[in-house]
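A.B. asks: Input: one structure, supplied below.
The values are calculated or read from the model by the stated rules, or taken from the named source; none is laboratory data. Owing to the predicted nature of the structure, the values given are computational and were not obtained by experimental measurement. Here Cβ is always computed from backbone atoms with ideal geometry, including for glycine, and neighbour counts include all displayed protein chains.
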Amino acid sequence: MTEKKPEPNRLVESTSPYLQQHAGNPVDWYPWGEEALARAKELDRPIFLSVGYSSCHWCHVMERESFEDEGVAKVMNDNFINIKVDREERPDIDALYMNAVQMLSGQGGWPMSVFLTPDLRPFWGGTYFPPRGHYNSAGEVVRPGFVDILISLSRAYKESPEKIEDAASQVVEGLCRKETPSGGELASEEVLKLAGEDAGRRFDPAYGGFGPAPKFPRSTELSMLLRVYAMGGDRQVLDMCERTLEAMAHGGMYDQVGGGFHRYSTDAKWLVPHFEKMLYDNSLLVRTYLEAFQVTGRELYRRIASEILDYVLQEMTSPEGGFYSATDADSEGREGVFFVWRPEEVEEILGVEDAPLFCQYFNITTEGNFEDSTSIAHITAGLAEVAASLGIELEAARAKIEEGRKKLYEARAKRPAPFRDDKVLTSWNGMMISAFARGFQVLGEPRYLQAAERAATLILEQMQEGGRLLRVRKDGQSRITGFLDDNAFFIEALLDLYESSFEVSYLDEACRLAEAVLADFSDEEESGLYFTSVEHELIITRRKDPFDGAIPSPLGVMALNLLRLERLTDTPSWRRRAERILGEVSPLLPRAPMGFGSSLLALDFLLHPPVELALVGDLSGTESAEFLAVIHSGFLPARVITASANPPSEELSSRVPLLGGKGHAGEGSRLYICRDGSCREPVDDPQELAAQLPFVSSPGG
C-alpha cells in the first residue's frame, strides 16, 4: 500500500518558485497576506515566519528535516500560524526581520526563522535549526532542536505573555532606531583614500580577497578600489584588485566549464564554492571585470566578462527576454554534484589522448578535492607550463582546452540539472541589463546590446502598472509594487542603455522614473530615501538601508543616477538631491568605508567632475564606431556620453542640452569633450582622441 501524500497547502497557488517548493509540505503554510494575519489575531496565536529563497541549500535541508516531517508539522500547525516568504520577492519583509534576528541572536542568514506576535512584532528568532535537539548524558539540552524551540515558545506565549511582550517591545525599539544620522556634510576625497587603507588591512595577500573564509565576490568594493587607483595611481590598490580578480577567475568559484560564478567560496583559496549561481552576483562581476580590463588591458578579464554574459544568454534568459534569478546548489539530492568531475569521465568524453591535458590544467585528479573523490575544476598553473610538461605546443593546447570545455559542457548538460528559479526580478534584471549594455560598449558585441534592449522592453511593456514599476514576473504575470532597488537599478540600466544606443526614449524614461522615486520614496525631513514607497504596506517602520550587502545599496545607486541625469539633462535639482542623499550617509563612511562601496562610487562621481562626451555625425558609420571604441577602451569612471546625427535637432538638444550647438559643417563625425564648464577643441580623428585619453581620464584633467 502506497503512502498517501498530503494535500497541497495554500502555497500551491503562489507563483514564487520558492513557495511552490513548499506547497506539498504537511505544514499548514500561509503566504504573507491578510488571511494569515487575521487568522493569527482571531486565534491569538504567535506567527512562525520562515523566509528563504529557492536556491538556498540550508533552506532545502530544513525543509527535508522539519517541514516534510509529519510530527514536526503537527507541532507547528497546532501552535502557530505558519507563514512562508520568498525573500527575493519581498526584500522589505526579509530586511526588516533579518535585522531583528541579528539583534536577537547576533547572526543572520537563511533560512530565517522568526517568531512574531499577531501584530507582527518579533520576539525570538534564528536561522537553521535541526529538527531535534542534542542532549548530554544527563539528559540536558546541549543544542535545542526545532521541535524543542516550538514547544518552548508556544508555552511561553501562553503562560508568560509579559515576557513575550517585553522581548517584542525591545526588538521594535531597536528596529525603529534611525539607521542614518540626521543631516551631515558631504564627505571629502579623503574617505576614498581611507577605503583603500581599509582594504589593505583586510586584504589576504596569500589568496586575494578581503577577510577570512567564507569569501564573497565583493564586486562593488573592487569597482570602488579601481576608482581609488585611478584617482591616485596607488599600485598597491590595483595589485589587491588584480590578485583577487585573478584568484576568483582561476578558482573553483568560477564555473570553468560553463561560465558564470557561484555564490561564494567556503574556503580561503576560492576552491570550494557554495554552488548556487545568482543573477545579481554575475551582473556585478561582469562590470568589475570589464573595468579591470579597461584599466589593465589583460585578456583574462575580457574573457571572463564575455563568458559570464554568454552563460546568461545560454542558460538564464527567458523566451520573453528577461533574465532568470538563480540556479540551485543541489541536484540529485546533493550539493555540487552537477559541477564536479572524475578523470575517467573526462577521458570518456575527450579520449585518452586529450584528457591528460584537460585534467592536469584543471586539476581533475583521482583523489579529488571534493566529496566522493570528485574534483572541482580550477587552475593553479599557466597553460604554457602545463602544455610544456606534456610536450604540447601552446596554441595546440589552447585549442584543445577550448574544444574540451565545449565537449564537457555538452556532456554535463545530460546530467540532472540543478533547479532554476525562473522568476524575473526588476532589480536584478536592471543590474544585468547594465552588464550587457556595458559589455556591448567595451567588447563591441551587438548581441549584448540586443539582449539588454529585449530585457528592458519586457520591463517597460509588461512590468509596470499605473506608471510605477512592478517587481516580479512569473508565468506571464507581473505583480508586487517595485521597491527602491527595483527603481534604482532599472534607472541605472536605462542610463546605460542610453549611453550605448543613444535612443533618447531610454533617457526620458529614466527621468520619469527618477521623478516618481523622489515623489514616492522620499524622506523630505532628512533628505534620504526609504526602501519602501508610500504605496507599500507599513510593517512596524519604514527602513532605509545605506549599507551594501550582496547587492549595492539602492541609496548609493540612486544618488549616482541623479548625478548622471543632472549632467545629461542640465537639471541642477537632480544634483542637489544626490548631495542630500550622500550628505545623510557621509557621517557613516569613515567608520567602515568598505561597507559603502555604492555610495563611494557616487561620491567619486560628485567630487571629480565627470567628462562630458558628445559625439555628432553618422552614428551608424565606421568613424563613429571607432570614436566609441576608443572611448570605451579606457577607464573613465566619471563620464557621461551622448550622441546625435549632425546637426542635433532643436527638439533633441532641448532634452539633452549637452548636444546644443554641437553641429558642424564637415561630413565626418566629431567628438566634443567638456569638463566642469569648459570644453576642449573638438576632435575629428579617433586616433587623436586616443592620444588625449590619458589627459581625459585623469580626475584633475
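Here is a yes/no grid of residues against (1) within 18 Å of residue 547 (Cα to Cα); (2) of a type in the set (D, E, K, R); (3) part of a helix (DSSP H, G or I); (4) not assigned by TED's automatic domain parsing to the domain that holds residue 553:
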site: 206; (1), (2), (3), (4): no, no, no, no
site: 213; (1), (2), (3), (4): no, no, no, no
site: 230; (1), (2), (3), (4): no, no, yes, no
site: 238; (1), (2), (3), (4): no, no, yes, no
site: 242; (1), (2), (3), (4): no, yes, yes, no
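A.B. asks: So, in region 460-470, exactly how many residues are in contact with a Ser or Thr (Cβ under 6 Å, 6 or more places away or on another chain) and outside any strand (DSSP E or B)?
C.D. replies: 2
A.B. asks: Search region 650-661 for residues that are more than 11 Å from residue 616 (Cβ to Cβ) and in contact (Cβ under 8 Å) with a residue 40 or more places away in the chain and pair each with any residue that is of a type in the set (D, E, K, R) and surrounded by fewer than 16 Cβ atoms within 10 Å (Cβ to Cβ) when their beta-carbon atoms are under 9 Å apart and the residues are at least 6 apart or on different chains.
C.D. replies: These pairs meet every condition: 655/508; 656/570; 657/570.
A.B. asks: State which residue is nearest to residue 613 (Cα to Cα) when the search covers only region 644-677 and only residues that are polar (S, T, N, Q) and more than 37 Å from the chain's Cα centre (by Cα).
C.D. replies: That would be 669.
Condition check ((1) among the hydroxyl-bearing types (Ser, Thr, Tyr); (2) under 26 Å from residue 510 (Cα atoms)) across all residues:
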| residue | (1), (2) |
| --- | --- |
| 654 | yes, yes |
| 657 | no, yes |
| 660 | no, yes |
| 676 | no, yes |
| 679 | no, no |
| 683 | no, no |
| 687 | no, no |
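A.B. asks: Within region 585-596, can you find the residues that are assigned to a helix (DSSP H, G or I) and buried (at least 24 other Cβ atoms within 10 Å of the Cβ)?
C.D. replies: 585, 593
A.B. asks: For region 533-584, name all the residues that are assigned to a loop (DSSP other than H, G, I, E, B) and polar (S, T, N, Q).
C.D. replies: Once the filter is applied, which keeps residues that are assigned to a loop (DSSP other than H, G, I, E, B) and polar (S, T, N, Q), region 533-584 yields 533, 541, 553, 571.
A.B. asks: Considering each residue of region 366-389, count those that are surrounded by fewer than 17 Cβ atoms within 10 Å (Cβ to Cβ) and of a type in the set (Phe, Trp, Tyr), and give that number.
C.D. replies: Number of matching residues: 0.
A.B. asks: Hey, another quick one. For region 297-342, which positions are among the β-branched types (Val, Ile, Thr) and over 16 Å from residue 285 (Cα atoms)?
C.D. replies: Within region 297-342, 317, 327, 337, 340 qualify.
A.B. asks: Looking at region 395-421, which of its residues are buried (at least 18 other Cβ atoms within 10 Å of the Cβ) and either assigned to a strand (DSSP E or B) or touching a Pro at 6+ places or on another chain (Cβ under 7 Å) (or both)?
C.D. replies: Correct list: 421 only.
A.B. asks: What are the residues in region 110-140 that are part of a loop (DSSP other than H, G, I, E, B), in contact with a strand residue (DSSP E or B) (Cβ under 9 Å, 6 or more places away or on another chain) and farther than 23 Å from residue 163 by Cβ, if any?
C.D. replies: The answer is 110, 111, 128, 130, 136.
A.B. asks: Another one. Residue check, residue 38 against (1) more than 27 Å from residue 278 (Cα to Cα); (2) small (Gly, Ala, Ser); (3) touching a strand residue (DSSP E or B) at 6+ places or on another chain (Cβ under 6 Å), all met but one. Which one?
C.D. replies: (3)
A.B. asks: Take the residues in region 278-302 that are among the charged types (D, E, K, R) and in contact (Cβ under 8 Å) with a residue 60 or more places away in the chain; name whichever of them is farthest from residue 238 (Cα to Cα).
C.D. replies: Here the answer is 281.
A.B. asks: Mind checking whether some residue in region 642-663 is β-branched (Val, Ile, Thr), outside the structural domain of residue 496 (by TED's automatic domain parsing), out of contact with any strand residue (DSSP E or B) (no Cβ under 8 Å at 6 or more places or on another chain) and outside any loop (DSSP other than H, G, I, E, B)?
C.D. replies: No, because not a single residue in region 642-663 is β-branched (Val, Ile, Thr), outside the structural domain of residue 496 (by TED's automatic domain parsing), out of contact with any strand residue (DSSP E or B) (no Cβ under 8 Å at 6 or more places or on another chain) and outside any loop (DSSP other than H, G, I, E, B).
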